[in-house]
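Okay, so here's the structure we're looking at.
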Amino acid sequence: MTDQWYDVVVIGGGVGGMQVAIALADRGHRVALVEAHADLGGKLLGYAKLFPSFENAEQVVDELKNQLDSSGVAVFTNTKARDITENTKGYDVMIENADTPFHGRTIVLAYGFDIFDPTLKEEYGYNIIRGVYSSVDFEKMMKEKSFSKYFGEKPQGFGFVHCVGSRDEKVKNNYCSKVCCITAIKQAMEIKEHYPSADVFCFYMDLRLHELFFEKLYKQAQKEYGIHFIRGKVSEVANSQQGKVAFKVEDTLLSRPLRIELDGLFLMVGIEAYKGKFPSLKLPLNEFDFVDPGIETLATQGERGIFFVGTTKGPRSIKETLQDATYVSMQVHNYLLNHGK
Amino acid sequence: MANKFGFGALQPRSITVHLPLDSLYQKMVNAEPSLRLCINCGMCSSVCTANRFEETQFHKMVILLRYGLQEEAFTYARRCVLCGNCILTCPRNVNIRHVMFLLKKEIHEHSL
């Protein structure tokens with residue numbers, strides 16, 4: 001049995017992993033890409049359209065796949081990395097249900113993130129109350145074009161609850177997931193387009209639209225789509241007698257409580273650190289279980305030949321992940337050059 | 001005088017939102033689409049001539065209209081002197097004076 005030695009083993013075949021693998025193969029390195037699932041693309045496979053340009057998610061994945069095909073990267077799908085051990089020459093990546101490990105002179109971890117489990121916020125009644133869905137469910141409905149199956153032909157109103165599992169002390173996620181605000185606006189516009197006569201509400205505590213064109217989309221959602229933004233978060237969700245989602249919310253700008261019944265309520269679930277860890281590998285993690293960029297750049301990346309991409313380091317948009325992947329590929333390239341390729 | 005204890009026979013403070021939203025709100029939004037852009041920041045209220053003496057808060061009025069609380073919105077509209085300070089300061093360029101003018105017209109036409 002031949003030992004499989006690679007210059008770089010990339011773990012995780014999402015957008016970040018694919019991009020870093022392509023960039024390194026372009027520079028002439030022998031790269032292996034290891035993905036646990038049958039298809040490349042990661043979380044992006046579950047999304048329909050992307051903010052802020054309503055680009056097709058599939059198109060982005062296909063483009064990366066095409067580049068990957070012509071790049072010469074050795075792609076291994078259905079291959080789940082179980083553990084990673086360090087040795088003098090590099091790293092061994094153990095695979096589930098396989099005897100031979102992958103050997104890499106360097107490894108790039110692009111394992112991505114987990115999505116917050118909305119059942120932990122019991123007050124929203126996810127999985128209990130009919131009509132309450134998550135933003136991930138929304139993307140699925142959008143992809144399948146199955147809104148009418150869930151809401152019929154003439155629904156009157158929809159709501160989007162921001163910050164579910166983000167900036168929340170109770171679930172120990174004391175950080176902003178960064179992408180949910182703009183996702184809520186995108187999804188609100190999409191459902192308004194599908195049901196023009198329905199009223200669409202966004203219930204927020206702060207709107208964080210940090211990127212250049214996000215504010216533009218927000219304005220468009222207000223002016224052209226007539227989406228209502230209500231400052232205040234939802235509580236006491238129940239089903240009304242008509243089977244709608246009834247709940248209370250304080251309009252904090254008016255200082256008055258509202259009672260409202262809607263056909264659907266979507267919870268904007270946040271980004272959490274990936275929970276599957278590699279037992280033998282001690283990762284530099286911060287209090288949120290994300291890889292800490294400070295520790296990583298100073299000690300880990302330079303010396304040990306282990307690199308991190310995208311959402312392993314915290315919430316990131318797809319664009320930011322792709323940019324980060326390109327930047328990390330330069331670091332890996334330099335490392336390989338400096339360590340006698 | 002007997003000590004008062006507990007709640008009197010008050011109206012509930014909570015607002016029940018009915019869908020579709022109030023027709024006057026729709027009318028105002030159609031007549032002045034920039035109204036939708038309000039982010040309720042309160043800059044208009046801070047410079048409002050009338051608000052120096054009596055509560056006249058446009059940023060709240062937008063919400064009152066949306067929920068169909070016309071009477072409360074009209075109270076604000078009646079106090080407006082159409083000076084236009086609010087338009088100069090609005091970060092979203094909402095034509096507030098036009099909205100106030102339309103509401104005053106509404107009050108006048110229907111003798112409210």
* To do: Mind jotting down a quarter of the surface of the convex hull over the alpha carbons of the stretch A:1-77, in square nanometres, one decimal?
  => 5.5
* What angle, in degrees between 0 and 90 and rounded to the nearest 10, separates the Cα long axis of helix A:318-338 from the longest principal axis of the Cα atoms of chain A? -> 10
* **Calculated [θ] (222 nm, deg cm²/dmol) that DSSP helices of n ≥ 4 give over chain A, each run adding -39,500 (n - 2.57)** => -8000 deg cm²/dmol
* chymotrypsin sites (Phe, Trp or Tyr not before Pro) restricted to DSSP loop in the stretch A:16-125 with at most 16 other C-beta within 10 Å -> A:PHE54
* **Backbone HN-Hα couplings from phi across the stretch A:118-123 [Karplus 6.51/-1.76/1.60, Hz, Gly and Pro as x]** => x, 5, 5, 9, 5, 4
* Asked: Going through the stretch B:1-89, which GluC sites (Glu not before Pro) have at most 16 other Cβ atoms within 10 Å and a DSSP loop state?
  -> B:GLU54, B:GLU55
* To do: Among B:MET43, A:MET141, A:MET330, A:MET18, rank each residue by its count of other Cβ atoms within 10 Å, from fewest to most, as a rough exposure measure.
  => A:MET330, B:MET43, A:MET141, A:MET18
* Asked: For q = 0.06, 0.10, 0.12, 0.13 Å⁻¹, what log10 I(q)/I(0) does the protein assembly as shown give under the Debye formula with an equal point scatterer on each alpha carbon and no solvent?
  -> -0.35, -0.81, -1.02, -1.12
* **Cβ-defined net charge surrounding A:PRO155, 15 Å radius [Lys, Arg +1; Asp, Glu -1]** => -1
* Structure fact -> Given backbone amide H placed at 1.01 Å from N, residues whose amide H is under 5 Å from that of A:CYS202, ignoring those fewer than 5 places away on the same chain, are A:PHE160, A:HIS228, A:PHE229, A:ILE230
* **Simple spin-label estimate for A:ALA98 and B:LEU10 in nanometres, 7 Å along Cα-Cβ** => 6.8
* To do: Assuming R0 = 41 Å, can you tell me the calculated FRET efficiency for the pair B:HIS110 and A:LYS248, based on Cβ-Cβ distance, to the nearest 0.05?
  => 0.80
* Taking chain A and dividing mean pair separation by its residue count, relative contact order in percent (alpha carbons under 8 Å, at least six apart) -> 21
* To do: Amide H neighbours of A:THR79 under 5 Å, at least 5 residues apart or on other chains, H built in the peptide plane: list them.
  => A:GLU35, A:ALA36, A:HIS37
* Structure fact -> Under 5 Å from the placed amide H of A:ASN239, counting only residues 5+ away or on other chains, we find A:ALA246
* In chain B, which longest range has no trypsin sites (Lys or Arg not before Pro) that are both DSSP loop (not H, G, I, E or B) and surrounded by at most 12 other Cβ atoms within 10 Å? -> B:14-112
* **Under Karplus coefficients 6.51, -1.76 and 1.60, residue-wise ³J(HN,Hα) of the stretch A:159-169 in Hz, glycine/proline x** => x, 10, 9, 7, 6, 8, x, 10, 6, 10, 5
* To do: Taking the Cβ of each residue in A:ILE115, B:ILE96, A:ILE191, A:ILE128 as the centre, tally the other Cβ atoms inside 10 Å and list the residues starting with the fewest.
  => A:ILE128, A:ILE115, A:ILE191, B:ILE96
* Under the rule that a partner needs its Cβ under 4.7 Å from the first Cβ, which Cys of chain B have none? -> B:CYS38, B:CYS41, B:CYS48, B:CYS80, B:CYS83, B:CYS90
* To do: Treating the angle as unsigned and between 0 and 90°, give the value, to the nearest 10°, between the Cα long axis of helix A:57-71 and the longest Cα principal axis of chain A.
  => 10
* Counted charge near A:GLU193, where neighbours are those whose Cβ lies closer than 13 Å (Asp, Glu -1; Lys, Arg +1) -> +2
* To do: Kindly provide the Kirkwood hydrodynamic radius of the stretch A:155-304 in Å, to one decimal, from all pairs of distinct alpha carbon atoms.
  => 17.6
* Asked: Would you list B:PHE101, A:PHE160, A:PHE51 from fewest to most Cβ contacts within 10 Å?
  -> B:PHE101, A:PHE51, A:PHE160
* Give a quick list of GluC sites (Glu not before Pro) in the stretch A:117-188 that DSSP marks as loop, anything other than H, G, I, E or B, with at most 11 other Cβ atoms within 10 Å. => A:GLU153, A:GLU169
* Structure fact -> Simple spin-label estimate for A:ALA38/A:GLU55, 7 Å along Cα→Cβ, in nm, reads 2.8
* Rule-of-thumb check for the stretch B:23-110: C-alpha Rg over 2.2 N^0.38 Å? -> 0.95
* Structure fact -> With R₀ set to 45 angstrom, the calculated FRET efficiency between the beta-carbons of A:ARG167 and A:GLN241, to the nearest 0.05, is 0.85
* **chain A: most fluctuating residue of A:LEU217, A:LEU281, A:LEU267 per GNM, C-alpha cutoff 10 Å** => A:LEU281
* Asked: What are the ³J(HN,Hα) values, in whole Hz, obtained from phi via the Karplus relation 6.51 cos²θ - 1.76 cosθ + 1.60 with θ = phi - 60°, for each residue of the stretch B:63-74 in sequence order, with x given for Gly and Pro?
  -> 6, 4, 5, 4, 8, x, 8, 5, 4, 5, 5, 5
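Throughout, read-outs are computed from the coordinates displayed, never taken from laboratory work. This one's a predicted model, so the numbers in the text were calculated from it and none came from an experiment. Counting neighbours? That spans all protein chains shown, and the Cβs are built from the backbone with ideal geometry, glycine included.
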